[in-house]
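Asker: Got a structure for you, written out below as structure tokens; questions coming shortly.
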Amino acid sequence: MPIFLFTDFGTADIYAGQVRSVLHQHAPNVQVIDLLHEAPAFNVRAAAHLLAALANQLPPESVTLAVVDPGVGSAREAVMLRADNRWFVGPDNGLMSVVAARAQSAKIFPITWIPEKLSASFHGRDLFAPAAARIAGGELRAAQLPEKPRLDVEFSAGDLAGIIYIDHYGNAFTGLRADGMSRDARVVVNGRSIRYARVFSEVAAGETFWHENSLGLVEIAANSANAARELDLEIEDIVSLGI
């Protein structure tokens, strides 16, 4: 099973590398893939919707180590989620709850194992990484694990009408799924009404538009320009639909 990493650790700091080191120690023959280390920092709700959109692209029987965990070291639990034949490992703080809510089948398993050395502030390395490695290496199987009936923190399966991610181009992902959305609709954000275009080249250079991005989300973008800068967009800015 490959292991995918979804975190807010960034790539310029020491944290992602330490997690990869632990995964290699516990599962040296398992492929580890960096899905994203720039998830919205501290923003569990936005990251949960982004993770749910990315989850549809992951192969069956993969393991995703998901860490956006501002409550690390608190009473929040650590869990493993098996949703539609994919595994997710991380904090029970809502991060995996949109994945669970949208899945046809979801089972939750508390992580009851406590490692000999457990940092109070780095469960991604000391707790979640070993658990993910044990799943990927075949040491842990769902049939062997105790279950819990539900996650402690649950966000709904519904969309999130806000900005959940801004990439380095300045494209702003929303938590709205574009499937079935009228192409005549306008997306309204920060007082600006934005029309639909299928691709960047359908609008003039510098013009903003919305489109269905490769994850199936409504994305606000600009042709050869930074839409987030042009529209002064930030994570959690509210979006609405107009005519």
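Read-outs: derived from the displayed coordinates by stated rules, not from any lab. Owing to the predicted nature of the structure, the values given are computational and were not obtained by experimental measurement. Note: ideal-geometry Cβ built from the backbone for every residue, glycine included; neighbour counts use all protein chains shown.
Asker: Filter region 213-229 down to residues that are touching a strand residue (DSSP E or B) at 6+ places or on another chain (Cβ under 7 Å) and among the charged types (D, E, K, R), then give me how many there are.
Answerer: Going through region 213-229 one residue at a time, the tally reaches 1.
Asker: Next question, about the same structure. Restricting attention to strands (runs of 3 or more DSSP E) lying wholly within region 42-108, give those where 3 or more residues are of a type in the set (V, I, T).
Answerer: 63-67
Asker: Let me ask something else about it. List the strands (runs of 3 or more DSSP E) inside region 128-191, counting only whole elements, that have at least 2 residues being among the small types (G, A, S).
Answerer: 160-166, 172-177
Asker: Also, quick follow-up: Name the single residue that is nearest to the chain's Cα centre (by Cα) among those in region 127-163 being over 17 Å from L95 (Cα atoms) and among the charged types (D, E, K, R).
Answerer: Among them, the one singled out is R134.
Asker: I would also like to ask the following. If N93 satisfies every condition in (1) farther than 16 Å from D126 by Cβ; (2) surrounded by 14 or more Cβ atoms within 10 Å (Cβ to Cβ); (3) out of contact with any Gly (no Cβ under 8 Å at 6 or more places or on another chain); (4) in contact (Cβ under 8 Å) with a residue 40 or more places away in the chain but one, which is the exception?
Answerer: Result: N93 passes all but (3).
Asker: Oh, and also: For the condition surrounded by fewer than 14 Cβ atoms within 10 Å (Cβ to Cβ) and either in contact with a His (Cβ under 6 Å, 6 or more places away or on another chain) or over 23 Å from L95 (Cβ atoms) (or both), what is the one hit in I243, I238?
Answerer: It is I243.
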